[in-house]
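This report concerns only the one structure given below.
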Amino acid sequence: MRLSDLKARLLTPYTRRLFKVFILLMTSGLSFIILWLPIASRPLIYTLSPGDVAPQDIEAPYSLSYVSEVLTEQARQEAEQKTLPVYLPSDASITRRQIEKLRITFQYINAIRQDPYASLEQKIEDLQKAKDLNLTQEEINIILTLDQSNWELIQSEALRVLEQVMRDTIREDQLQEAIKRTPSLISFSLSPEEAQLVLKLIRPFITPNSLYSPEQTELARKSAREAVQPITKQYVAGETIVRRGQIITPLTYEALQQYKLIRSNNRNRELISLVSLILVLTCLTGLFFYRKTIPISGSLRFSFIIALFFLVFLFSARALVPNRAVVPYLFPIPAFGLTIASLFGIELGVILSISLGILTAFGTTNSLDLTVYYLLSSITGIFVLGKAQRLSHFIWAGISIGATGSAIIFAYRLISPYTDLIGIATLVGGAFFNGIASASLTVLFQYIFSQTLGLTTALQLLDLSRPDHPLLRLIMQNAPGSYQHSLQVAVLAEQAAEKIGADAMLVRVGGMYHDAGKALNPSFFIENQTGTALDTHDDIPPEESARIIIQHVLDGVELAKKYRIPSRIQDFIREHHGTMLTRYQYARALEKANGDSTKVDQEKFRYPGPPPASRETALLMLADGTQARVRAELPETEEEIRAVVKKVIDYCLKEGQLDNTRLTLRDLTLIADSFVQTLKNTYHPRIRYPEIQQPTHKEEQPPTDLSKEKI
């Protein structure tokens with residue numbers, strides 16, 4: 001069994017779908033790994049706690065402003081400490097009570113002084129036992145030896161001074177000040193000894209009359225805390241948060257947490273969020289491939305290359321974009337979407353650009369505006385680029401990417417209090433650099449993919465369609481008739497391709513090269529034979545004639561490879577006859593065999609194929625057959641042209657040449673109408689122009705009536 005047969009058996013439609021699902025799941029899994037590994041083990045994450053020593057200098061990766069709970073709490077505590085204790089107003093009852101206690105003390109002293117039965121020693125001992133007094137021996141002697149009038153004067157002066165002192169507000173912290181103020185209130189008519197005795201008697205009774213209120217003080221402290229506004233802490237990109245060897249304070253620990261530089265022991269939330277995002281994007285992409293039929297869906301090789309290209313872009317972006325200020329706006333994310341759209345279709349470019357933009361911005365500080373920036377700039381660039389048929393389209397796509405990115409920057413940055421005009425101007429410049437870089441990289445990527453994968457781009461097709469292309473010049477010089485035939489077939493197929501939505505430019509270029517092999521043996525093909533020349537096939541056997549005719553397909557492929565024609569154009573050379581028979585030679589062989597088909601090896605008269613595998617190559621087959629038949633039968637009316645077109649289409653259908661082309665009955669109807677319209681305009685009837693006889697004399701010739709002429 002040949003390798004090609006084994007491959008065909010293994011790669012059934014079902015196994016192809018399984019492989020595509022595997023590629024999609026593999027891409028999703030690798031995307032998850034690319035995003036998760038930096039989160040789980042990024043180099044700028046530290047396992048630190050307040051009080052630890054910093055292992056190295058830690059700098060702010062980007063500018064940040066946040067409300068510092070540490071600084072705010074410190075300010076609140078300072079406000080509490082500065083709040084004075086709250087005291088109640090002075091209490092008059094306390095003053096009265098103290099004065100009453102002093103009177104009771106005087107009554108006790110008077111009773112001792114007037115006790116006739118107690119001895120002097122007994123009286124001294126009794127005064128020493130007074131709990132409110134702390135009298136010395138000398139002061140007790142003075143009290144006991146004073147005459148009654150002086151003692152009464154001291155009593156009255158003591159009561160007066162105590163009342164005078166207690167009238168003022170006295171707090172606990174003001175008690176000593178009130179005691180110090182007392183001597184100045186004692187009458188100067190008393191002797192120093194008597195004044196000192198008055199002071200000694202009233203000092204124990206001077207007490208605070210304004211009491212401390214814990215409730216009022218707590219309310220005052222609470223009000224002071226609430227009056228403190230939250231304090232904002234700012235860091236500039238590159239500013240040192242903590243230096244190596246310094247102690248991690250609560251303030252620096254808070255900053256590291258704000259920058260997410262502190263490793264968390266629990267990453268379940270980050271894991272769940274990333275898995276959710278990957279699942280949503282995987283389902284979205286899977287539904288797109290399931291619901292939408294696109295040319296790329298049939299090629300496992302192309303699907304694998306696209307997946308690899310996606311992963312390379314994602315890995316590069318995730319390595320450069322996070323924790324940077326300007327680089328995210330410089331990174332050419334749109335280049336991916338532009339490349340995919342120009343090679344495989346706009347819809348695929350848009351859907352994959354959405355996934356790439358969302359995953360690139362995931363988890364970054366300004367993920368929202370970066371996501372919008374990537375998505376809108378990429379989609380705008382894709383729509384402006386279109387089919388990328390002109391170099392100017394790339395330029396305009398780059399400009400549109402820069403303009404869209406600038407608009408997004410204005411929308412999100414102008415309202416931010418942390419971005420100045422210089423910063424906005426820098427980002428706008430980065431957006432336009434992004435656009436130009438994306439367009440330039442797209443041209444480069446197009447060339448690389450077209451060379452490695454055999455894809456054709458619009459720019460390549462334009463270059464191949466130039467008349468000065470070496471292979472076209474070879475065809476034109478060696479087989480001018482085949483060259484003209486190819487141009488007519490190309491135009492015929494191109495018009496039909498536009499009707500059914502196929503790649504018209506690809507069909508036109510494929511038509512120009514489809515008969516390239518005839519340039520090696522031009523005289524064996526009727527379009528290159530002059531009207532008087534003998535047909536070269538008349539003198540050779542039908543089998544040899546068929547071999548020469550069939551050989552032009554193989555020769556065309558060899559020439560295409562020699563001149564490095566893309567494989568997509570080579571498909572037109574291989575498939576434009578499919579596996580049909582060379583009917584003229586086969587008919588001659590049957591005629592020589594007296595109609596006995598068993599004596600004729602039909603395979604010698606069959607083209608090697610394969611049959612057309614796309615709408616574009618099928619269009620060329622139909623256009624080639626139609627143009628050749630019309631040139632042979634020369635139909636004159638529209639009905640005759642339509643009959644010829646119908647015969648060609650019916651014959652190809654009968655031979656099974658269109659089974660793998662995805663052409664619908666509606667497509668075939670549109671193709672037939674297009675062929676008829678184009679051929680009708682090409683082969684419209686013309687009248688023979690009359691000859692004008694030159695006059696033999698000098699008389700004026702009457703003007704010819706040209707009003708009835710037709711062009």
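Just a few scattered comments:
- Only lysines eight or more places from residue 123 in sequence, or on another chain, were considered; those with a Cα closer than 28 Å are 101, 131, 200.
- Per-residue HN-Hα couplings for the range 244-258 [Karplus 6.51, -1.76, 1.60; θ = phi - 60°; Hz; x = Gly/Pro]: 4, x, 7, 6, 6, 7, x, 5, 5, 4, 5, 4, 5, 5, 4
- The modelled label-to-label distance for the pair residue 134/residue 223, using points 7 Å beyond Cα in the direction of Cβ, is 3.8 nm.
- Proxy reagent accessibility, fewest Cβ within 10 Å first, across 106, 344: 106, 344
- This model, with +1 at the C-beta of Lys and Arg and -1 at the C-beta of Asp and Glu, gives the chain a dipole about its Cα centre of some 1940 debye.
- Within-14-Å neighbourhood charge of residue 329 [Cβ basis; K, R +1; D, E -1]: +1
- Sorting 580, 621, 26 by the number of Cβ atoms found within 10 Å of their own Cβ, with the fewest placed first, yields 26, 580, 621.
- Note on residue 636 and residue 207: their simple-model spin labels are 14.2 nm apart, each label 7 Å out from Cα toward Cβ.
- Note on the range 92-205: with charges restricted to the Cβ of Lys and Arg (+1) and Asp and Glu (-1), its dipole about the Cα centre is near 460 debye.
- For the set 499/646; 561/647; 20/518; 561/680; 562/646, the pairs lying more than 29 angstrom apart at their alpha carbons are 561/647; 20/518; 561/680; 562/646.
- Furthest towards positive pole of dipole, 309, 461, 283, structure part the chain, Cβ charges: 461
- Sequentially through the range 134-151, phi angles give Karplus couplings (6.51, -1.76, 1.60; θ = phi - 60°) of 9, 8, 7, 4, 5, 5, 5, 4, 5, 4, 6, 9, 5, 6, 5, 5, 5, 5 Hz, Gly and Pro residues having no value and appearing as x.
- The length gained by stretching the chain between residue 234 and residue 598 to full extension, at 0.36 nm per residue less their Cα-Cα distance, is 121.6 nm.
- Paramagnetic reach from residue 451 in the range 551-567 [backbone N under 20 Å; point 7 Å along Cα→Cβ]: 560-567
- The local environment of residue 146, defined by Cβ-Cβ distances under 9 Å, has a net charge of -1 under the rule Lys, Arg +1 and Asp, Glu -1.
- Distance between the modelled labels on residue 387 and residue 49, one decimal in nanometres: 6.8 nm (7 Å Cα→Cβ projection).
- Förster radius 30 Å - calculated FRET efficiency between residue 88 and residue 184, Cβ distance, rounded to 0.05: 0.65
- Partners for residue 222 among lysines (Cα-Cα distance below 27 Å; same-chain residues under 8 apart left out): 82, 233
- Our estimate of slack between residue 101 and residue 66, defined as 0.36 nm per intervening residue step minus the Cα-Cα distance, is 6.3 nm.
- Across q = 0.12, 0.14, 0.20, 0.24 Å⁻¹, the range 350-455 modelled as identical point scatterers on its alpha-carbon atoms has Debye log10 I(q)/I(0) values of -0.44, -0.59, -1.05, -1.31, in the order of the q list.
- Fraction of antiparallel bridges per DSSP, the chain only, in percent to nearest 5: 90
- Candidate aspartates and glutamates - alpha carbon under 20 Å from residue 260, same-chain residues fewer than 8 apart omitted: 52, 57, 59, 69, 239, 270, 369
- Within the shell of other residues whose beta carbon sits under 13 angstrom from the beta carbon of residue 572, the net charge comes to -3, with Lys and Arg scored +1 and Asp and Glu -1.
- FRET efficiency, residue 523 to residue 647 (Cβ-Cβ, R0 25 Å, nearest 0.05): 0.30
- Leading residue at positive end of dipole, the chain (Cβ point charges), from 74, 658, 502: 658
- Overall, the anisotropy analysis places the range 92-205 in the prolate class: the square-rooted eigenvalues a ≥ b ≥ c of its C-alpha gyration tensor yield a/c not less than 1.5, with a/b exceeding b/c.
- Computing Rg/Rh (Cα atoms, Kirkwood Rh) for the structure here picks out one of [x] 1.22; [y] 0.94; [z] 1.46, namely [z].
- Computed 3J(HN,Hα) for the range 181-197, one whole-Hz value per residue from the Karplus formula 6.51 cos²θ - 1.76 cosθ + 1.60 where θ = phi - 60°, is 7, 5, x, 6, 8, 6, 4, 7, 6, 7, 6, x, 5, 5, 4, 5, 5, glycine and proline marked x.
- Length released on extending from residue 677 to residue 324, taking residue separation times 0.36 nm less the Cα-Cα span: 121.0 nm
- For residue 241, residues with placed amide H under 5 Å, excluding near neighbours: 58, 59, 60
- Each of 252, 360, 27 has some number of other Cβ atoms within 10 Å of its Cβ, and from fewest to most they run 252, 27, 360.
- The H on the amide N of residue 231, modeled in the peptide plane, is under 5 Å from the matching H of 68, 72, each at least 5 residues off or on a different chain.
Coordinate-derived values only; no laboratory data. Just so it is clear, the model here is predicted, and its values are computed rather than measured. Using ideal geometry, Cβ is built from the backbone for each residue, glycine included, and neighbour counts are taken over all protein chains shown.
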